[in-house]
Each structure stands twice: as structure tokens, then as C-alpha cells.
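Read through the structure below, which is laid out as C-alpha cells, and then see the notes.
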4 protein chains.
Amino acid sequence: MPKQTFFNLSEEKREKILNTAIDEFAKYYYHKASITRIVNNTGIAKGSFYQYFEDKKDLFKYVIERIGRRKIEYLYPVIKDFDKYDFFDLVRMLYVQGAKFAVENPRFQKIGDYFVKDTDTKLKEEILGENIPKSNEIFIQLIKKGIEKGDINPNIDINLTATIITSLSIEIGEYFVKEMKVKDNTEIMPLIDKMLYILKNGIKNRREDV
Amino acid sequence: MPKQTFFNLSEEKREKILNTAIDEFAKYYYHKASITRIVNNTGIAKGSFYQYFEDKKDLFKYVIERIGRRKIEYLYPVIKDFDKYDFFDLVRMLYVQGAKFAVENPRFQKIGDYFVKDTDTKLKEEILGENIPKSNEIFIQLIKKGIEKGDINPNIDINLTATIITSLSIEIGEYFVKEMKVKDNTEIMPLIDKMLYILKNGIKNRREDV
Amino acid sequence: MPKQTFFNLSEEKREKILNTAIDEFAKYYYHKASITRIVNNTGIAKGSFYQYFEDKKDLFKYVIERIGRRKIEYLYPVIKDFDKYDFFDLVRMLYVQGAKFAVENPRFQKIGDYFVKDTDTKLKEEILGENIPKSNEIFIQLIKKGIEKGDINPNIDINLTATIITSLSIEIGEYFVKEMKVKDNTEIMPLIDKMLYILKNGIKNRREDV
Amino acid sequence: MPKQTFFNLSEEKREKILNTAIDEFAKYYYHKASITRIVNNTGIAKGSFYQYFEDKKDLFKYVIERIGRRKIEYLYPVIKDFDKYDFFDLVRMLYVQGAKFAVENPRFQKIGDYFVKDTDTKLKEEILGENIPKSNEIFIQLIKKGIEKGDINPNIDINLTATIITSLSIEIGEYFVKEMKVKDNTEIMPLIDKMLYILKNGIKNRREDV
DNA sequence: AATGAATGAGGGTTCATTCAT
DNA sequence: CATGAATGAACCCTCATTCAT
């Protein structure tokens, strides 16, 4: 947690610092990100930084938390009413919201990407506390529900399926970070729908589909 | 590319250096890997290193290339006769070979893993040159063939499908990096088969499957 | 000297500040003691501190002076009537009072200890002014008196003896800083008496003592 | 221990570095001593320092060890034949050698002084390993021997006496660090003899001495 | 008188790379 | 071709002190 000092700053200044930090972490992963650079780009003194934050990790933790909260703002509306929808509709909505998040917060998407991929597990633990959130978990729940309702083939391996679905969602995010040209949702939907189609039906040619 | 001096070395020495470097890159990701450590563990002089290699990146590039070549050795036998097999059999064989590669060359798998995950795109470009090898490419070819033969649903998006298949193959590799206990292939097959089942049929519940 | 502003404060506040400072200097020696910590533990603003005191040294100087004054309060009753007593009784009483001071003001004892041991002579001079108080002085006077009275061997070196007596008194103080378990004086007396015995008679084996 | 690199340096350079380091540690105690200053005064690059030594502590440890070895060179000749001499002769010889060490190696004396007085016990442990050498120990042995031989009053407290003797020896060292004017031993002997006289006989006036 | 944010020099340490031999 | 000492910019972090309000 940032120190009280940080929260006492003018919102303008606070945002400036945060903004610069986000820039930095979106450009370099944790270990390469430089406090010196952040401080210079913000125009504050080195010492000031340490009046605001415990240390580099403290800042990073704060940024990650912010990203998490922001992401949840996107996903919550969907998850909230999860039992109202059919499984595949739900997954689609989650993908759509995820893609929206990525498009609208590309720097956050980037940072999250770095972080998810980072192999420094000790860092991860320190940042996230014990509750390293398995985004798997939520999908596992949804899948079980889907099987109960008869939407999903009960013979599939639940964990594996959850892993695949997570993997695909990451794929979507990455796709949109790379292709930044996307401005509106028009291009997102088709991709997602195609993905879901495959997830649903597989890619095997079926005579009965003809 | 290593300098000529490197290739003038005795094979023994060359291998020793390489082996140490591989150890290092398997233990630390690129930016954390230390030339000093490599040099110490190899027993050569610091200066010598820079007579063999342009710089750290040069060494890394060379290691990555080697890994690529080795991986191809595993996959080539399958690809070579790609038109003899059914699409899904082919993919399975590729997955199996990929898993075999991971199990038999855990350090390579680890390095590849780090590298795939690394988000320093500038580094990646420099390492791979322009030919960032889309392992996608090969799958795209296979998919097209599969559609021609009538194995695959012609309505699916080819690029997307290739991406998914690649993604799943990475998933397999990761799985085995984590669970290093695997000694033989006995446990690999079920996982791969489940994956392929989903890829083939999707996860939707079908009355006709009952 | 603290600034006037300091003395304008309510006694309560003044004591609080002082108390916290004493805690700090009893825990860390001068250079390691932290103004920030003092300020935080006191609950006053950083800026306020510098309105009360010139700087860190100023505060420390004040604390040291206070300790000196307090110590004199312990010793004065003995010194006051110094001509009433035999030399060795006097020294014993001074040692006893010194030990009492140490036991009853452990933080002061600790600070004094740090300070005596500190080898930063420049600091010491600045703190103590020119009058680096030779606690020697008082013993020199007492010794002279003792010689006059015929209590003390007139052939001994007065300065040296004073130094030794001082050194022993410090030894006593240190002893009690280490062994803080001492609650009452019961354990102090034997040590002091043994010390005095040696001071008086030396450690040589004497036939006439047998 | 310094790294091999250090020992590979020309003796000239090695001595220069060491000399500068000794200057620094004789001027500032451990925590205040500055690597930057050492490096600047030596004229070597910051990075070079860390080629030679693990870290600041490593350098300090080395210096302390050197001092210890040097001191032993002074004391060993005396200790070696400790059973040939009378107790007080022995102590005198140790004091003389100690004073000689102080006079001839004033910077070492200073550093040792700082170190002995330093209150950072964790540092001390790290520097000295577990064997924090109680210089007491040797005196305790000597005293016991002295009692056996009938030189020393068997009623005195052995530990206390050892402490006093140690304390006096430190006093001697300090005395000579302060009064650097001493060039030869002529002034040392009288002081030491006076000290021993007091230690032997105490300061009480005795009729039988008259 | 009170505040607390701002400062910046300095701390120890790392490491890829260069260079003289 | 081998060597390994030399380099120095950059790293994160600390802290007494100042200054604007």
C-alpha cells in the first residue's frame, strides 16, 4: 500500500505519478522497470517517490491491484447474473468484456500480460499475497454448472477444459494488444464467435452438419 | 552468430560453453541470466567469451537457434510424411513428439518457455530476425490439407484454428515443465487424447453422442 | 540549545518529545538514530522538529546535558559531604550511586554508554563544548584529599589512579546494562566491594594476609 | 575473504587499496566508512572494488583479520613462554607489547578500538564468526596459574580481576592513541609499571610499606 | 507555531562490456 | 587465441534538512 503521503497529494499529481508508472510497467516488466526513469519522467525527486511508496514493489503492487479492480469492473456485470445465462453465452460475454478491457486499457492489458507471464513466482506471491487467483476457478464452476444443466458434454475433463478456455481468453487479449487498430467492437465479435464455435463444436467435419 | 573463433575451438570446449549457457538460460530468463556466471561455471576467461560471441544476445540467439533445430529433429519425421496421415492423427503425433521433446530436453523446453513468454518484443525480433517463425504456418498448411481431404469443417477460420492448436501445444509443454515427474509417455497420451477430443468435437453436449 | 520555540511548548509536549528522543538514542547510537522515527513516534510534524531544534546534534546535545544533570543529582549528595568520609567509603558510595543511577535510569545509562564509547571525537567535542568534563577531575581531588589524610599511598600516580577508578566505575555501569535482571541493590554491593578490595589491596598474595 | 582477483593484483596496488581502506576505517567506524571514498582515494573504479571484495563487510573482515594477526605477532612471543615467567612480569610484558602495537600501528589500534566498542553485535558476529574471542579468557588462565603458584591472592574474584586487567590494557592502548607524541618506549614503561604497582598492591596506604 | 511534502546527495551494489597484456 | 582486471553507468534505497503554505 502506498503511504498516506501519497493519498494526501493533489489528485493531479497522484494521477501524474501513477500514469508515468503505468507507462513504465507497460513498457518494461517488473525487474527492468526503473524507478529512476519513473521519477525523471514525473519530474519529482527521487526521495519524494519514497515518501509515497514503500519501495518499487509497493508501487507495482498498487498498480496491479488497480488493474485487477478495473478488470473486475468489466467482468462483474456478467458474473453477477451468471445463472441467468446459457454457458456459452456466458463465456462469450466474458470474452467480450475481456476484449473490451484490453482495447480500452491497452497499458493495463500489457502489464497484466507481463505479470501473468512472469516466472518470478516469489514476486508473484509477494504481490498477490497467498490468494494467487486462479482464473481457472471461475471457469471450473461455470463448467460444472453447464454440465448440470446439460449444456456441456459430461465426459470432458473439467480441469483441462477450464485451462483451454482460460488460454483462449488470454489469446484474445494478446491479439488485441498486438492489433491496436481496433477501435470499436465490430471486429471483436466475429473472432470471439468463431472461437466459441470451435469450442462448442470442434473442428471435425460432420456429415450431419452439412 | 558466434565469431569464427568460437568454431575454431575444440568441440569439447565448445560443448562445455554451450552446455553451461543452456544451464544458465534454463535457470534465469534472458535479462537475469548472467555472463559472469556462465564464464565462471565454464572456467573460461571473461575476455574469451567476448572473443567467441559478439555479446550476450549473440550467445542467446545461438542457443535459441540450436533449440529450434533440435525441436525440428523431433517434429520432422512426422511432418515429412504429413500426407500419409489423417489430420487429427497428425496433430496427435506432433503433440506427442512435442511432449517427448519437453521430457527429453527439459532445459530446452524451459528456455523456449521463457522465451515464448518474454514480452520484450524488441529482443524477440533481434533474436529471431525477421523470420519470427510462425509455428502457426505449419498448422495452417495442415489445416488446409485437412479441409481438402474432408477431415475438417471447411467453415472454420483457418488462422484462428492454427492459433488455437499452437496454443494447446504450448499448454502441453508447460504442463510437463511443471510436472517433471513424468518419466515415460504413459501419462502424456491421455492428456493429449482428451485435448484432441475437445478440439475435434467441442464440448457441447450432443444428444447423438449419448 | 533548543530554540526558544521549544521552551514555549507545553511541558507535556516537551516531555513527550524528549521522552521519545531518549527512547531513540537509547536504542540506536547517534549516527543510527533517526529523526524521522522520533518525529513519527512523537506525532509531531517533521517541520516542527526543526522549529524546536537546530538539528539532530542540537537535540542530542540537549539530551546528553539532561543526562549529565540527572547523574549529578545522584552523585551530589555524596560529593557534598566528601570530607566527612574515608576515601574508600566515598568511592564506594559513588559507585553505589552510579549503579543506582544505571538501574533506575537504564535508558540514560545506555545513552551515556553509547556516547562514552563513541569514537567520533569531533562529535564529542561539539556535543560537550570545550569542557569535556573529566569525571577524572573529581577523583583527582578526592585522591589528593585521601593522600593528605593518610588513607592513600602517597607514592601512587594520581592521574593514573583517577583514570583507573573512572574506568572501573564505567565497568560497573556496563555490567548492569548487560545484566538488566537486577532489580534491587543486593547484587551490586558484592561486586563493588570486591572491586574496592582489589583497588585497596591489589591482587598480590601477601603472607601477612594469611 | 577477498576474491582471488584481489590477490592477483600487483602487491603495490593491493597495498594501496588496503592502505586506503585502513585509513578510512581508522577515521570512520564501520557504518560510516564509505566505499565511495575508499574507491576515490584509491583511484580505482567502483566496479573494480567489487571485483576484489564481496562487499563492504568482506573488506572490513579482511582488515580486522589482518589486525588480529598483527596483534598476535606482538603478543605471541610473550604468551608462548608464559609458564617461564612470574604472573606480574607476564602481564607487564603483555601490556608492553600491547602498547608497542598501539604505538607502531596507530591506525590498527584505532580500528580495533572502534570495533571493540561497536555495539552492533550482529556485525561483530558476522565479522568474527562464532568465536568472539574473549581476551578475558587468556587472563583468566594466567590468573589461575598465578594463584596456583602462590603469586596471587587466592581470595580475589578471578573473573572480575580478568576484566580489570583487560580494561587496563585497553586503557593503555587508548592512552597512546590519544597521545601520539610517544615515539619510543621510554614513556610507556613508567606508566605500565605504575599500573602494575597498583594492581599488585592496591592504593591503600600501608604502614608496613613505609 | 504547525505542517508535511520536497529535496538531493549519498549510500552500497550489479553487470555487460572493453582493453591492455 | 587467452586472459582477467578495469570500467562506469545504472540500479534501488535512505535521510537529515528545507520550504511553501
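The values are calculated or read from the model by the stated rules, or taken from the named source; none is laboratory data. This one's a predicted model, so the numbers in the text were calculated from it and none came from an experiment. When we count neighbours, we look across all protein chains shown, and the Cβ atoms used for this are built from the backbone with ideal geometry, even at glycine. What goes into the accessible areas is simple: the full protein's heavy atoms, side chains included, and nothing from ligands, DNA or RNA. Shrake-Rupley method; radii C 1.70, N 1.55, O 1.52, S 1.80 Å.
List of remarks:
- Here B:Ala26 clears all of (1) among the aliphatic types (A, V, I, L, M); (2) within 13 Å of DNA strand F (Cβ to nearest atom); (3) within 14 Å of another protein chain (Cβ to nearest Cβ) except the condition numbered (2).
- Given (1) out of contact with any helix residue (DSSP H, G or I) (no Cβ under 8 Å at 6 or more places or on another chain); (2) surrounded by 16 or more Cβ atoms within 10 Å (Cβ to Cβ), index of the condition A:Tyr74 fails: (1)
- Per the conditions (1) over 19 Å from the mean Cα position of the chain (by Cα); (2) free of Cβ contacts under 8 Å to residues at least 40 places away in the same chain, the sole criterion not satisfied by C:Ser135 is (1).
- Taking the numbered list (1) surrounded by 14 or more Cβ atoms within 10 Å (Cβ to Cβ); (2) within 13 Å of another protein chain (Cβ to nearest Cβ); (3) at pLDDT below 90 in turn, A:Asn159 passes all entries but (1).
- Per the listing A:Lys32, A:Lys3, the residue uniquely on the phi < 0 side of the Ramachandran plot, outside the structural domain of A:Val116 (by TED's automatic domain parsing) and touching a Phe, Trp or Tyr at 6+ places or on another chain (Cβ under 7 Å) is A:Lys3.
- Odd one out for B:Pro106, checked against (1) within 30 Å of A:Ala26 (Cβ to Cβ); (2) open to solvent by 30 Å² or more (accessible area, probe 1.4 Å); (3) of a type outside the set (D, E, K, R): (1)
- Selection count, the range B:47-96, where residues are among the polar types (S, T, N, Q) and free of Cβ contacts under 8 Å to residues at least 12 places away in the same chain: 1
- Contact annotation: residue pairs with Cβ atoms under 6 Å, 6 or more positions apart or on different chains, pairing a residue in the range B:32-46 that is within 8 Å of DNA strand E (Cβ to nearest atom) with a partner that is assigned to a helix (DSSP H, G or I) and open to solvent by 60 Å² or more (accessible area, probe 1.4 Å), are B:Val39/B:Lys46.
- Check on A:Ile17, more than 22 Å from A:Ala102 (Cβ to Cβ) and either under 26 Å from the mean Cα position of the chain (by Cα) or within 11 Å of DNA strand F (Cβ to nearest atom) (or both): yes
- Qualifying residues in the range A:178-210 (those that are within 10 Å of chain B (Cβ to nearest Cβ) and at pLDDT below 75) - the one least open to solvent (accessible area, probe 1.4 Å): A:Asp209
- B:Arg66 satisfies every condition listed in (1) out of contact with any Leu (no Cβ under 8 Å at 6 or more places or on another chain); (2) at pLDDT 90 or above except (1).
- B:Lys145 being open to solvent by 40 Å² or more (accessible area, probe 1.4 Å), more than 11 Å from the chain's Cα centre (by Cα), more than 11 Å from chain A (Cβ to nearest Cβ) and at pLDDT 85 or above: yes
- Evaluation of A:Arg69 against the conditions (1) more than 23 Å from the chain's Cα centre (by Cα); (2) open to solvent by 70 Å² or more (accessible area, probe 1.4 Å) shows that the sole unmet condition is (1).
So that you can scan it fast, the table gives a plain yes or no per residue for (1) aliphatic (A, V, I, L, M); (2) more than 14 Å from chain D (Cβ to nearest Cβ); (3) more than 16 Å from DNA strand F (Cβ to nearest atom):
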residue: C:Thr42; (1), (2), (3): no, yes, no
residue: C:Gly47; (1), (2), (3): no, yes, no
residue: C:Tyr50; (1), (2), (3): no, yes, no
residue: C:Lys57; (1), (2), (3): no, yes, no
residue: C:Glu65; (1), (2), (3): no, yes, yes
residue: C:Tyr76; (1), (2), (3): no, yes, yes
residue: C:Ile79; (1), (2), (3): yes, yes, yes
residue: C:Val91; (1), (2), (3): yes, no, yes
residue: C:Arg107; (1), (2), (3): no, yes, yes
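- The number of residues in the range C:1-39 that are closer than 17 Å to C:Phe108 by Cα and either touching a Pro at 6+ places or on another chain (Cβ under 8 Å) or among the hydroxyl-bearing types (Ser, Thr, Tyr) (or both) comes to 5.
- Of all residues making up the range C:1-17, the number that are in contact with a Leu (Cβ under 9 Å, 6 or more places away or on another chain) and of a type in the set (Val, Ile, Thr): 1
- Of all residues making up the range A:1-19, the number that are open to solvent by 20 Å² or more (accessible area, probe 1.4 Å) and assigned to a helix (DSSP H, G or I): 11
- Flag if D:Tyr76 is more than 13 Å from DNA strand E (Cβ to nearest atom) and aromatic (Phe, Trp, Tyr): yes
- Residues that are in a loop (DSSP other than H, G, I, E, B) and open to solvent by 50 Å² or more (accessible area, probe 1.4 Å), drawn from the range C:28-60: C:Tyr28, C:Gly43, C:Ala45, C:Glu54, C:Asp55
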